[in-house]
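Quick notes on the structure that follows.
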């Protein structure tokens, strides 16, 4: 019964903000597919023109997605104040990363560009990880979906940021 009420609350949240949700989710799905494609070295090296074309689409989608994240954080929060703050920082940081990815590509600093795009993609994936963490909080504890959203997002965001920075520093390719 408790889980059912959370589903209703989440459904009403999405229904009340349908246009913004569509502007956020549809580009987000395309972003996930294109981002994964962009990270495959074979396609990046073999099909340079396709990589550039898809990369431009990826960055435009990133700007749309992270702008809607900021709007959602400022005006349409679902969870508690922690969720609002973490979501706002997440959106601003990834919008900044999108800007840096674009400017470094324009300056032909492709290693830096690759690092910024890697940050964008893998930190954005923290949204998937937060779903699993919410499941742990709501299943193993007395947390509601709304009360666990902020702390779950904080954990996922910090975890993904830490891991991607380790990846960039120690494991990423040094030349393209």
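The values are calculated or read from the model by the stated rules, or taken from the named source; none is laboratory data. Just so it is clear, the structure is predicted and the values come from calculations on it, not from any experiment. Note: ideal-geometry Cβ built from the backbone for every residue, glycine included; neighbour counts use all protein chains shown.
Remarks
- Helices (runs of 4 or more DSSP H) fully within region 36-148 counting 1 or more residues that are modelled with pLDDT of 95 or more: 48-75, 81-106, 110-124, 126-140
- Qualifying residue in region 134-141 (condition: closer than 25 Å to residue 26 by Cα and either in contact with a helix residue (DSSP H, G or I) (Cβ under 7 Å, 6 or more places away or on another chain) or surrounded by 15 or more Cβ atoms within 10 Å (Cβ to Cβ) (or both)): yes
- Just one residue in the set 50, 82, 54 is surrounded by 15 or more Cβ atoms within 10 Å (Cβ to Cβ) and closer than 24 Å to residue 118 by Cα; that residue is 54.
- Unmet criterion (only one of (1) at pLDDT 75 or above; (2) closer than 22 Å to residue 77 by Cβ) for residue 3: (1)
- Considering the conditions (1) at pLDDT 85 or above; (2) surrounded by 15 or more Cβ atoms within 10 Å (Cβ to Cβ); (3) under 26 Å from residue 144 (Cα atoms), residue 23 is excluded by exactly one of them, (3).
- Region 90-119 - residue that is in contact (Cβ under 8 Å) with a residue 12 or more places away in the chain and out of contact with any helix residue (DSSP H, G or I) (no Cβ under 7 Å at 6 or more places or on another chain) and, of those, surrounded by the most Cβ atoms within 10 Å (Cβ to Cβ): 114
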